[in-house]
1. Looking at (1) within 16 Å of the ligand (Cβ to nearest atom); (2) modelled with pLDDT under 90, find the lone condition where LEU38 falls short.
2. Yes or no: the stretch 52-64 includes at least one residue that is modelled with pLDDT under 95, surrounded by 11 or more Cβ atoms within 10 Å (Cβ to Cβ), assigned to a loop (DSSP other than H, G, I, E, B) and out of contact with any His (no Cβ under 9 Å at 6 or more places or on another chain).
3. Taking into account only those residues within the stretch 221-260 that are of a type in the set (A, V, I, L, M) and closer than 28 Å to ILE59 by Cβ, which is farthest from the ligand (Cβ to nearest atom)?
4. Could you list all residues from the stretch 8-24 that are within 15 Å of the ligand (Cβ to nearest atom) and either closer than 22 Å to PRO143 by Cα or out of contact with any Ser or Thr (no Cβ under 7 Å at 6 or more places or on another chain) (or both)?
5. Of the residues in the stretch 311-327, how many are more than 16 Å from ALA380 (Cβ to Cβ) and either within 16 Å of the ligand (Cβ to nearest atom) or of a type in the set (S, T, N, Q) (or both)?
6. Give the stretch 344-381 a look and list any residue that's of a type in the set (Asp, Glu) and touching a Ser or Thr at 6+ places or on another chain (Cβ under 8 Å), or say none.
7. Is it true that some residue in the stretch 366-389 is within 16 Å of the ligand (Cβ to nearest atom), charged (D, E, K, R) and either not in a strand (DSSP E or B) or not assigned by TED's automatic domain parsing to the domain that holds ARG54 (or both)?
8. Answer yes or no as to whether GLU5 is surrounded by 17 or more Cβ atoms within 10 Å (Cβ to Cβ) and either assigned to a loop (DSSP other than H, G, I, E, B) or away from the ligand (no atom under 16 Å from the Cβ) (or both).
Amino acid sequence: MVRVEKASRIKDLPPYLFAAIDKMKAEQVAKGVDIIDLSIGDPDMPTPPNIIARMKKGIEDQKNHQYPSYEGMIEFRESVANWYQKRFNVDLDPGEEVLSLIGSKEGIAHISLAFVNSGDIVLVPDPAYPVYSIGAKFAGGEPYFMPLLKENRFLVDLKKIPDDVAKRAKLLFVNYPNNPTAAVADREFFAELIEFAGKHNIIICHDAPYTEMYYDDNIPISFLEIEGAKEVGIEFHSLSKTYNMTGWRIGFAVGNSTVLDGLGQIKTNVDSGLFQAIQEAGVEALEGDQSSVEEMRRIYQRRRDTLVTGLLEIGLKVESPKATFYVWVEVPKGYTSAAFSAHILNKAGIVTTPGNGFGEAGEGYIRMALTMPEHRIAEAMERLKKTGF
Ligand code: MLT
C-alpha cells in the first residue's frame, strides 16, 4: 500500500463550500427531514425546450463526436459576439476576443495559472465566490482580500488598496451583479476600476454570470461597455444561470485578446475543448427565442418578493435585490452566520449558505437563493415564523 500524501496546495484547503453544504443537506435528508434548499445558486427550472431540441440534433451529428477546437467553434463564438452587440452594444472579434469555456468556473480557476507567478498578489473581493482565491492559490499567488461593505454599497473600495499591494498585484477579480451580496455596479465604478488597472498594470477579471437576472428594469451593464475596458481585462460569462444550464457546463470569456490567449494556452494543455453539440445548443440559447429569459425574471421576481416580505415580517434585516437570485440577509443579534444557518437548518429544515463561507467579511450574513418554487419559499417563511430566533 503506498503512503498517499496530498500536496500542500490542497492539504490545508477547507472542503469546497457547496460540497460541505451538500453533506449537511444529505444528513438532514437521511433523517427524513423535508428540507427546503435555498443554498447553492442552481436554478430549479428546466433548460428551455428549444435548447434541448438543438442538443438532441447535435448529438446525432457524427462530426460532433470528435475533438472540438480548443478555442471553441467559430459559430458559437460568433453568436457570443452577436449577443454582446445586441445586449450591451459591445463589439467583439469572435476570432480573437471570445474564448469558449467548460463553464465559467473552469476559466476562473485557470486564469491565475496563466498570469500569476509564485508570490504575486491576486486582488479578490470578500465575500466572494471561493474559486477566485482558490485559483490564485493553486497558481502560487497570494490572495489579498478587498472587503465589500454595506456602507460602500458592497462595491470594492479601490482607495483602500495600499500602493505596495497594488504594485505586486497581477489580477483583480470583481463580480457584479454580485454573488453573494446582490449588489450592482454602475458606470462610475467600472470607470474607476479601469483607471486603477491602467495605473497599476493589473488585469481585470470581471465575472458577470448574473447580468440577465434583474428586476424592475434595473438592467445591469457589462464592464466592457466602459471605454478602455478591453485594454485592461476580460469578462467571464456563463449560460448556466440565464438558460438553466448549470449541468451542461458552457461558458465563455470575452475581451482583451492577449489575456484570452494566455488563458487559452493553459486550456490547450489541460482540456480538449467543449463538446460541440453543447456549443450548438449554446448557439440556440443565445440566438433563439428569448421569451424563457423574460419568464425566468418574472418567476424570480415573485419568489424574491415572497421571500423578502416574509423575512421583513419576521423582523430580519434585508434589502430587496435589484439583480441576481440571491438574498443577503443580516443575521439577528446573538448569532454568528454559521450559528444562524445551523439554527434554521436544524429547527426549520431550511438550507442556506452562511455568509462567512464566502469570506471573513461575509460574517454577520446568510445567503438565501431563490431556487425553490414560490410555494416552498412561502412555506419556508411560515416555518421560520414558527421557529423564531
Ligand atoms: C453559488 O451558489 O454561489 C454558485 O451557484 C456556485 C456556482 O455557480 O458554481
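1. Among (1) within 16 Å of the ligand (Cβ to nearest atom); (2) modelled with pLDDT under 90, LEU38 violates only (2).
2. No: the stretch 52-64 contains no residue that is modelled with pLDDT under 95, surrounded by 11 or more Cβ atoms within 10 Å (Cβ to Cβ), assigned to a loop (DSSP other than H, G, I, E, B) and out of contact with any His (no Cβ under 9 Å at 6 or more places or on another chain).
3. Of everything passing the filter in the stretch 221-260, VAL254 is farthest from the ligand (Cβ to nearest atom).
4. Once the filter is applied, which keeps residues that are within 15 Å of the ligand (Cβ to nearest atom) and either closer than 22 Å to PRO143 by Cα or out of contact with any Ser or Thr (no Cβ under 7 Å at 6 or more places or on another chain) (or both), the stretch 8-24 yields PRO15, TYR16, LEU17, PHE18, ALA19, ALA20, ASP22, MET24.
5. 4
6. Correct list: GLU363, GLU374.
7. Yes, that holds for at least one residue.
8. For GLU5, the condition - surrounded by 17 or more Cβ atoms within 10 Å (Cβ to Cβ) and either assigned to a loop (DSSP other than H, G, I, E, B) or away from the ligand (no atom under 16 Å from the Cβ) (or both) - is not met.
The values are calculated or read from the model by the stated rules, or taken from the named source; none is laboratory data. In this text, all values refer to a predicted model and were calculated from it rather than measured experimentally. Cβ: placed from backbone, ideal geometry, glycine included. Neighbour counts: every protein chain shown.
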